[in-house]
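Engineer: Input: one structure, supplied below.
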Amino acid sequence: MKKIALLLISAIIAGSFWAGGRDFSNLTPEQRIELTAEIIDNYYVEGVNMDSIADQAIIAMLAALDPHSKYTSAEETRELNQPLEGKFYGIGIQFNMLEDTLYIIQTTPGGPCARAGVMPGDRIIYANDTIIAGQKLTNSNIISRLRGPEGSKVTIKVKREGFDELLPFDLIRAEIPMYSVDAAYMVDKNVGYISIVRFAETTDQEVRQAADSLMRCGMKHLIIDLSSNGGGYLQSAVDLSNEFLQKGDPIVFTRGRTSERHYSATSNGSLRRIDRLVVIVDQYSASAAEIFAGAIQDNDRGLVVGRRTFGKGLVQRPFPFPDGSMIRLTTARYYTPSGRCIQKPYVKGQGEEYQLDMLNRYNSGELWCADSIHLDTTETFYTLRNHRPVYGGGGIMPDVFVPVDTTRLSGYYRQLNGKSIILKTVFKYIEQNRDRLMAKYPDEATFAENFVIPSELDQALIDRATEAGIEFNEEDWERSKVFVHAIMLGLLTRDIYPNGIYVRATNPLNPDFLQALEIIRDPSRYKHLLTNQPIAAGKHSNSDKPTK
């Protein structure tokens, strides 16, 4: 019960306060909390769900502390932990909901659906005799019906193009891996690209495997993309940093009220032989992603490109309750090797203002112009080898700022994207042409090199948009056409080929990627940026503690 949880938080429980003429003049805070719960439970005008009251009390207490101390129910805790544990139990599909219908994008190789013969393009109509098509279900509703305990059974019925009857499949739920690396490929004969979407238990291993594969293809230099990577496990960020550093290099340290803990490279990393390294970040890169980027930057191991990161530098320690719910309590702050605190400023108890930070960045122009970022010169630190100035005050400031590109985002495109017209059009095209395309382009590389978006696909897109009430705008179309084509090509690649790489098609129009590639291909510029603005010996102050 949550009431028990509340009493655990209170720590001091002393029986009934109303008994025996007890003196209430000098109650401790913990006793006041318990007394309040007891008064509500016994005297409120209506019956009260004390579990709910306890939940709200815990949430309110944590909200008064900082923006990242949180309480989660048992179900919320499971959902939070699954992506970081790197696995769950289900049927093994990637899907999209379009017009209240579940379209299967890909099946997990070796997973229950793949083994049973379920195919990309199939639409799931029933799950265990419960109709899910046309029911306006959320993704979480769908997931709850398809996931379940290992070894449990689920029967699905799918609609497949060319078949009048629904096709039934009896599936046994199995362990399904959730990968951290969602893309890895060779950009050219020397440069590799790896995109990391989370820092989970298997991240270090996945990156090593991807990098080893790329190095066998000739990779000498590497772009690591942490765009929109919300973080994850601290240890995963430490382990991955270790791969690129030499033994003894500092990675991160945490400082709490009564303790500090320092993390350093425990060995010479297996990926140190990679020469030039560029890390892409953006305003949504957070937590463990910031730890990795900060370690690479502060050790002068590579360059960071993009926009100032989120600034999530508070350490949460989990305190689980017996019912599966959990408190994640902030117990320390993260500091980069140079001494920068990653956490952006906040005011206790003002969580709503904290959540407006991204809107404030947008309104201030920070996402488009580096001059709009007001650096706090009192928060200046220096990298460990080349003594380049780096700045605290929240987040990781990139070595090379890249503004958000809005030149191709016309009003017409925004409507197409907002109503999922591009996605729906591509799905229909694949449904009608999958076999022909796979026969003509037997693998992803052949497809990427030779396929050109046909005019009939453009017309199908425009027609579908018109049917949805989006008036065609030729000027906007010409402005956004190359961008729309890149998205189409990425969707086609992803949805036709197993493990198809969406960003292979879209990266050539991504300013962050293009800037990273330009730098990594130019050894003189790379070296200049990595050693820029040296300061005289004795003028820098580097330690494993903040210099504030």
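Engineer: ALA200 is checked against (1) modelled with pLDDT under 95; (2) farther than 23 Å from PHE310 by Cβ; (3) buried (at least 21 other Cβ atoms within 10 Å of the Cβ) and fails just one. What number does that condition carry?
Structural biologist: Of everything listed in (1) modelled with pLDDT under 95; (2) farther than 23 Å from PHE310 by Cβ; (3) buried (at least 21 other Cβ atoms within 10 Å of the Cβ), ALA200 misses just condition (2).
Engineer: Let me ask another. Hey, MET488 hits all of (1) exposed (fewer than 15 other Cβ atoms within 10 Å of the Cβ); (2) within 29 Å of LEU437 (Cα to Cα) but one; which does it fall short on?
Structural biologist: The failed condition is (1).
Engineer: Suppose we filter ASN141, ASN128 for residues that are of a type in the set (S, T, N, Q) and modelled with pLDDT of 80 or more; which single one remains? Give the steps one after another, and end with the answer.
Structural biologist: Working: ASN141 fails: modelled with pLDDT of 80 or more.
One residue alone meets the criteria, ASN128.
Conditions tested, residue by residue: (1) at pLDDT 95 or above; (2) under 23 Å from LEU529 (Cβ atoms).
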site	(1), (2)
PHE253	yes, no
HIS262	yes, no
ASN268	no, no
ASP275	yes, yes
ALA286	no, no
GLU290	yes, yes
GLY306	yes, yes
ARG317	no, no
GLY324	no, no
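Engineer: Going through the stretch 250-271 one residue at a time, which ones are surrounded by fewer than 17 Cβ atoms within 10 Å (Cβ to Cβ) and among the charged types (D, E, K, R)?
Structural biologist: To start, the set of residues in the stretch 250-271 that are surrounded by fewer than 17 Cβ atoms within 10 Å (Cβ to Cβ) comprises 256-262, 266-268, 270.
Within the stretch 250-271, ARG257, GLU260, ARG261 qualify.
Engineer: A further question on this structure: Name the single residue that is surrounded by the most Cβ atoms within 10 Å (Cβ to Cβ) among those in the stretch 419-442 being out of contact with any helix residue (DSSP H, G or I) (no Cβ under 8 Å at 6 or more places or on another chain) and closer than 20 Å to PHE163 by Cα. Step through it out loud before you land on a result.
Structural biologist: Going through the stretch 419-442, the residues out of contact with any helix residue (DSSP H, G or I) (no Cβ under 8 Å at 6 or more places or on another chain) turn out to be 420, 431-433, 435-436, 439-440, 442.
Still in the list and also closer than 20 Å to PHE163 by Cα: 431-433, 435-436.
Values: GLU431: 17, GLN432: 13, ASN433: 15, ASP435: 9, ARG436: 9.
Per the stated criteria, the residue is GLU431.
Engineer: Quick one: how many residues across the stretch 127-154 are within 25 Å of ARG434 (Cβ to Cβ), not in a helix (DSSP H, G or I) and not hydrophobic (A, V, I, L, M, F, W, C)?
Structural biologist: 1
Engineer: Here is a check on your reading of the model: is SER285 in a loop (DSSP other than H, G, I, E, B) and touching a strand residue (DSSP E or B) at 6+ places or on another chain (Cβ under 8 Å)?
Structural biologist: yes
Engineer: Out of the stretch 33-73, which residues are assigned to a loop (DSSP other than H, G, I, E, B), among the acidic types (Asp, Glu) and over 27 Å from the mean Cα position of the chain (by Cα)?
Structural biologist: GLU46
Engineer: A follow-up question, please. When the stretch 288-313 is examined, which residues are found to be in contact with a Ser or Thr (Cβ under 9 Å, 6 or more places away or on another chain), in a loop (DSSP other than H, G, I, E, B) and small (Gly, Ala, Ser)?
Structural biologist: Result: GLY313, single match.
Engineer: Do we find a residue being in contact with a Gly (Cβ under 7 Å, 6 or more places away or on another chain), in a strand (DSSP E or B) and surrounded by 14 or more Cβ atoms within 10 Å (Cβ to Cβ) anywhere in the stretch 234-249?
Structural biologist: Taking every residue of the stretch 234-249 in turn, none turns out to be in contact with a Gly (Cβ under 7 Å, 6 or more places away or on another chain), in a strand (DSSP E or B) and surrounded by 14 or more Cβ atoms within 10 Å (Cβ to Cβ).
Engineer: Looking at LEU329, LEU359, can you tell me which residue is out of contact with any Pro (no Cβ under 6 Å at 6 or more places or on another chain), more than 30 Å from ALA74 (Cα to Cα) and not polar (S, T, N, Q)?
Structural biologist: LEU359
Engineer: Name every residue in the stretch 24-75 that is touching a helix residue (DSSP H, G or I) at 6+ places or on another chain (Cβ under 7 Å), without any contact (Cβ under 8 Å) to a residue 24 or more places away in the chain and under 23 Å from THR331 (Cβ atoms), in order of residue number.
Structural biologist: GLU30
Engineer: Another question, if that's okay. Taking the stretch 258-277 as the search range and keeping residues that are touching a residue at least 60 places away in the same chain (Cβ under 8 Å) and outside any strand (DSSP E or B), which one is nearest to VAL181 (Cα to Cα)?
Structural biologist: LEU271
Engineer: Only one of these conditions is not met by HIS387: (1) surrounded by 17 or more Cβ atoms within 10 Å (Cβ to Cβ); (2) under 22 Å from the mean Cα position of the chain (by Cα). Which number is it?
Structural biologist: Condition not satisfied by HIS387: (2).
Engineer: Give the residue that is nearest to ASP357 (Cα to Cα), with candidates limited to residues of the stretch 319-344 that are surrounded by fewer than 23 Cβ atoms within 10 Å (Cβ to Cβ) and among the aromatic types (Phe, Trp, Tyr).
Structural biologist: Taking the candidates together, the pick is PHE319.
Engineer: Return the only residue of SER455, SER420, SER480 being free of Cβ contacts under 8 Å to residues at least 24 places away in the same chain, farther than 20 Å from ASP182 by Cβ and hydroxyl-bearing (Ser, Thr, Tyr).
Structural biologist: From the options SER455, SER420, SER480, the qualifying one is SER455.
Engineer: Provide a single number: the residues in the stretch 108-136 that are β-branched (Val, Ile, Thr) and either over 16 Å from LYS159 (Cα atoms) or in contact (Cβ under 8 Å) with a residue 40 or more places away in the chain (or both).
Structural biologist: Of the residues in that region, 3 qualify.
Engineer: For the stretch 314-324, which residues satisfy the criterion of being in a strand (DSSP E or B) and not β-branched (Val, Ile, Thr)?
Structural biologist: Those that are in a strand (DSSP E or B) and not β-branched (Val, Ile, Thr): LEU314, GLN316, ARG317, PRO318, PHE319, PRO320.
Engineer: Taking GLN350, is it surrounded by fewer than 15 Cβ atoms within 10 Å (Cβ to Cβ) and within 19 Å of GLY313 (Cα to Cα)?
Structural biologist: Considered against the rule, which asks whether it is surrounded by fewer than 15 Cβ atoms within 10 Å (Cβ to Cβ) and within 19 Å of GLY313 (Cα to Cα), GLN350 comes out as yes.
Engineer: Output the number of the condition that GLN316 fails; it satisfies all remaining conditions of (1) exposed (fewer than 14 other Cβ atoms within 10 Å of the Cβ); (2) in contact with a Ser or Thr (Cβ under 7 Å, 6 or more places away or on another chain); (3) of a type in the set (S, T, N, Q).
Structural biologist: The number of the failed condition is (1).
Engineer: Test of understanding: among ILE462, ILE453, which residue is under 28 Å from GLN106 (Cβ atoms), of a type outside the set (Asp, Glu) and either in a loop (DSSP other than H, G, I, E, B) or not assigned by TED's automatic domain parsing to the domain that holds GLN415 (or both)?
Structural biologist: ILE453
Engineer: Considering only residues that are modelled with pLDDT under 80, of a type in the set (A, V, I, L, M, F, W, C) and either under 20 Å from the mean Cα position of the chain (by Cα) or not in a strand (DSSP E or B) (or both), which ones fall in the stretch 74-104?
Structural biologist: LEU80, LEU84, PHE88
Engineer: Considering only the stretch 493-503, I want to know if a residue exists there that is touching a His at 6+ places or on another chain (Cβ under 9 Å) and either in the same structural domain as ASP282 (by TED's automatic domain parsing) or more than 16 Å from LEU409 (Cα to Cα) (or both).
Structural biologist: Among the residues of the stretch 493-503, not one is touching a His at 6+ places or on another chain (Cβ under 9 Å) and either in the same structural domain as ASP282 (by TED's automatic domain parsing) or more than 16 Å from LEU409 (Cα to Cα) (or both), which makes the answer no.
The values are calculated or read from the model by the stated rules, or taken from the named source; none is laboratory data. The structure displayed is predicted, hence computed values, not measured ones. Positions of Cβ are backbone-derived with ideal geometry, glycine not excepted, and every protein chain shown enters the neighbour counts.
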